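The values are calculated or read from the model by the stated rules, or taken from the named source; none is laboratory data. Since the structure is predicted, the reported quantities are computational estimates derived from the model, not experimental observations. Glycine gets a Cβ as well: all are built from the backbone with ideal geometry, and neighbour counts include every protein chain shown. For accessibility, only protein heavy atoms count, side chains too; no ligands or nucleic acids. Shrake-Rupley method; radii C 1.70, N 1.55, O 1.52, S 1.80 Å.
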Amino acid sequence: MTATIIDGSAIAQQIRDEMRAEVERLKASGTDPGLVVVLVGNDPASVSYVRGKTRDVEEVGMRSETLRISADVTQEQLLGLVSDLNQDDRWHGILVQLPLPPHIDEGLVTSTVLPEKDVDGLHPVNVGKLFRGERALYPCTPHGVKQLLLRSGHDPAGKHVVVCGRSNLVGKPLAGLLMQKAEGANATVTVCHTGTPDLAVHTRRADILIPVMGRPRTITEDMVKDGAVVIDVGVNRVEDASKKAGYRLVGDVDFDGVARKASAITPVPGGVGPMTRAMLLYNTVLAASRTV
């Protein structure tokens, strides 16, 4: 068996096209959706990621501004900035790019963003609504994974989904989304983590396997059952002297081996990553539409 490639870039483009139409509709009704990004410091990965988000926002015709803040900003100053943005009606979405410098409490900052402007979906109110099965601004990567499954024809309803990872950013909210009694969910979800004694026992039972581990090529061919759908959320740098940058990106899955056994699989890059950015646009448009 050779797995079908689930093209996250193509599906993300579908979503951007839909959001462009929504932005035009909102503008026609007098609402001009706006996203403000707060970038603290000069972390190369964060700078690159924000640059990509800016391109996406411009593509769909949405207003955007990036506020670049020095890494030595105090926590009090950053919280003050977020509070000011909360009160600024120009911005329907506020994104504070993570990670933040070590002297700043990330949880406190993300909790300061108003829930209705929290397009990262990290505010405790939005997370709580997610687990209660209520409408909210959902975290972008988990929601992107769900959309990948649905739009590629792999509805999780009735399936056994195994999520490898319990992070607050992806693992936990993803499990919460897929277990809901709702359209596009209704899965039986197992969550594995570093305390799971024999990971392969669980991964081999998965109809849909979703590694979110941050450990390159951990999921190997023998850990996947025949015909499984594999959504690789991991993004890891490994040394590669043939590349100009000296490294390349790989997922948490040993792609070549697992692709021989799975029925469908996402690549890295080009799988989940583009979906995360697309769902940021979705959340911003949703936040703007709720003000109409």
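Observations on the model:
- Distant-in-sequence amide H partners of Y247 (H built 1.01 Å from N, under 5 Å): D240
- Ordering of 226-239, 278-291 by packing [mean C-beta count within 10 Å, highest first]: 278-291, 226-239
- Local electrostatic count at G41 - Lys and Arg +1, Asp and Glu -1, tallied over other residues with Cβ under 14 Å: -2
- For the chain, the residue among V253, L78, Y282 whose Cα projects farthest onto the positive side of the dipole built from Cβ charges is V253.
- Net dipole in debye of segment 146-198 [+1 Lys, Arg Cβ; -1 Asp, Glu Cβ; about Cα centre; nearest 20]: 120 debye
- Whole-Hz Karplus values for segment 216-221 come out as x, 6, 6, 7, 10, 4 Hz, taken residue by residue from phi with 6.51 cos²θ - 1.76 cosθ + 1.60 and θ = phi - 60°; glycine and proline positions read x.
- 1.4 Å probe accessible area per residue over segment 105-180, in Å²: 39 Å²
- In a reduced charge model with +1 at each Lys and Arg Cβ and -1 at each Asp and Glu Cβ, the chain shows a dipole moment near 520 debye about its Cα centre.
- 1.4 Å probe accessible area per residue over segment 1-67, in Å²: 48 Å²
- Per-peptide packing, taken as the mean over residues of other Cβ atoms within 10 Å, places 12-24, 167-179, 70-82 in the sequence 167-179, 12-24, 70-82 from highest down.
- Cross-linked pairs K146/K244; K172/K243; K53/K146: Cα-Cα separations exceed 23 Å for K146/K244; K172/K243.
- Computed from point charges on the beta carbon alone (+1 for Lys and Arg, -1 for Asp and Glu), the dipole magnitude for segment 11-51 about its Cα centre is near 60 Debye.
- Whole-Å semi-axes of the chain's equivalent ellipsoid (Cα gyration tensor): 32, 22, 19
- Percent accessible area from carbon and sulfur atoms, the chain, protein chains only, probe 1.4 Å: 50 percent
- When nucleic acids and ligands are ignored and a 1.4 Å probe is applied, R217 ends up with an accessible area of around 100 Å².
- Radius 13 Å from Cβ of A3, net charge of other residues (Lys, Arg +1; Asp, Glu -1): -3
- Think of the chain as having a plus end and a minus end, set by charges on the Cβ of Lys, Arg, Asp and Glu; of T194, L122, T2, T2 sits farthest toward the positive end of this dipole.
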